[in-house]
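First the structure, in the form of structure tokens, and then the observations on it.
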Amino acid sequence: MKAHPLIALAIAGASLHGVAVASEIIVNAGRGPVAVTVPSSYRPGVPMPLVLLLHGYNASGAIQESYMQLAPLAQQFGFFYAHPDGTMNPAGSRYWNATDACCDLFQQGVDDSGYLLALIHAIAGQLTVDALRVCIVGHSNGGFMAYRMACDHPETIAAIASLAGATYLQANQCASAAPVHVLEIHGTSDATILYGGGAINQVAYPGAVATAQQRAAFAGCTSIPETNLPPLDLDTNLPGAETTVARYANGCAAAGSAELWTVQNGTHIPALSSSFGPLVIGFLLSHPKPVPTGAGSRPASETGDLGADPNPFTGMTQVEFGMKSRGGVSLHVVDIAGRRIRTILRQHRMDAGLHPVVWDGRSDAGAPVAAGVYFLVLTADAKTRTAKVVRLR
């Protein structure tokens, strides 16, 4: 008997020896089954981000996941996750038909843009996907494909992250100049997709700087990036924090921005550090599409006037909450299992108004908490409010 194209294989919220673990469902958008990781924290009806990982040329979704290891982060950070396969070409290599430069080498004309959009819709048909946080990560050919999706479907894609990829050489080749949040990560010693730009089969592609500048211009950002940001350690084969950050975020439209993380002396396939995945996912999840004015499709925030900035954060974050009347207040941090790990504030009397406090990312025992998703739980004005925060490291 032929199976239904949407087959649930497991129930979200499963546990192994009492420890919550992610589960999977299978969807089919016309090219065979694709596994989708479902975090145990998922509750039907409550929107959750979606992240797709796109592999490089001659790789596969499984190979790319083995390299980047984003699946554990789906459970940790709370997002749906899939790593689909591209099409096999006559040379026996899987690829994505992305830009004119990369990588439909046999001119097969496969509609990968349409397929990936259908895959997103198929997943959203099974799960409650946050329509404001649909994100793509791509490596090399997959990075080119991420840019193609940002060009073709800016109404759907909130943010992309490309490792060793590039966009179209000419801005007018992009189907839409609508803003999307973009992160380009590129090594200066990449000999496959050159940091300064190059060509594939005599079709040129732009360099990493030009790629970031083009996307920043689409978002209306100022042309001079912020460069006085702390360096990152993304490659374990290189000493110290080898990656510099250039951020185009000033003057941008709410739906777009651009960042360039330059791996000094980095190659096409860097030895990714343990901070690579959390930093990339942190970028994506912290750059949603703006809530449409007057739109009723997105439920009102349950957090009210409780929030944290920055979020995601590394060392510390400032928590701000409001009180309508004078009274008692308590503010705790709990993990995804509901265990209280830190009491930030407990006061019998506080005045009405906005109150800022700082969480230094530590538990009550004084030790830094692990990277992951946590919840602020505020009790004030005779009610309880919650807000999600993400610690990167």
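Quick look at the values:
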read-out: Backbone HN-Hα couplings from phi across the stretch 161-168 [Karplus 6.51/-1.76/1.60, Hz, Gly and Pro as x]; value: 10, 10, 9, 6, x, 6, 9, 5
read-out: Per-residue HN-Hα couplings for the stretch 112-121 [Karplus 6.51, -1.76, 1.60; θ = phi - 60°; Hz; x = Gly/Pro]; value: 6, 4, x, 5, 5, 5, 5, 5, 4, 5
read-out: Spacing of the two label points (7 Å from each Cα toward its C-beta) at Ile63 and Thr87, in nm; value: 1.9 nm
read-out: Solvent exposure of the stretch 152-268 as accessible area per residue, Å², 1.4 Å probe; value: 40 Å²
read-out: Net charge contributed by nearby residues that have their C-beta within less than 15 Å of Ala249 (K/R +1, D/E -1); value: -2
read-out: Residues with amide H under 5 Å from that of Leu54, placed H, sequence gap 5 or more; value: Val137, Gly138, His139
read-out: Where the stretch 93-141 is the region considered: accessible area per residue in Å², 1.4 Å probe; value: 31 Å²
read-out: Any cysteine of the chain lacking a neighbouring Cys Cβ under 4.7 Å - listed by number; value: Cys135
read-out: Qualifying aspartates and glutamates (Cα of each under 20 Å from Cα of Lys388; at least 8 residues distant if same chain); value: Asp130, Glu302, Asp305, Asp309, Glu320, Asp335, Asp360, Asp364
read-out: Accessible area of the chain belonging to carbon and sulfur atoms, whole % at 1.4 Å probe; value: 54 percent
read-out: Förster-model FRET efficiency, 41 Å R0, Thr188 and Asp351, C-beta, rounded to 0.05; value: 0.15
read-out: Rel. contact order, % - alpha carbon contacts under 8 angstrom, at least six apart, the chain; value: 11 percent
read-out: Placed amide H near Asp104: partners under 5 Å, 5+ positions off or other chain; value: Ala98
read-out: Beta bridges per DSSP with both ends in the chain, % antiparallel, nearest 5; value: 70 percent
read-out: Nitroxide proxy distance, nm - points 7 Å out along Cα→Cβ at Val46 and Thr386; value: 0.5 nm
read-out: Tyr195 long-range amide H proximity, modeled H, under 5 Å; value: Asp190
read-out: Residue (of Ala101, Ser275, Thr236) at the positive-pole extreme of the chain, dipole from beta-carbon charges; value: Ser275
read-out: Ordering of 360-366, 315-321 by burial proxy (mean other Cβ atoms within 10 Å per residue, highest first); value: 315-321, 360-366
read-out: Full-extension gain in nm, Asp305 to Ile341, via 0.36 nm per residue minus C-alpha separation; value: 10.7 nm
read-out: Packing-based order for 160-166, 282-288, using average beta carbon neighbours within 10 Å, highest first; value: 160-166, 282-288
read-out: Difference of contour (0.36 nm per residue) and Cα-Cα distance, Gln170 to Glu320; value: 49.6 nm
read-out: For the chain, the Rg and Dmax computed from alpha carbons only, in angstrom; value: 21.6, 72
read-out: Derived scalar couplings ³J(HN,Hα) [the stretch 353-368; Karplus, 6.51 cos²θ - 1.76 cosθ + 1.60; whole Hz; x for Gly, Pro]; value: x, 8, 10, x, 9, 10, 9, 8, x, 10, 8, 4, 7, x, 8, x
read-out: Cα→Cβ-extended label distance, 7 Å offset, between Ile269 and Leu229, nm; value: 2.8 nm
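The values are calculated or read from the model by the stated rules, or taken from the named source; none is laboratory data. Keep in mind the model is a prediction, meaning the values are calculated, not measured. Glycine also receives a Cβ, built like all others from the backbone with ideal geometry; neighbour counts cover every protein chain displayed. What goes into the accessible areas is simple: the full protein's heavy atoms, side chains included, and nothing from ligands, DNA or RNA. Shrake-Rupley method; radii C 1.70, N 1.55, O 1.52, S 1.80 Å.
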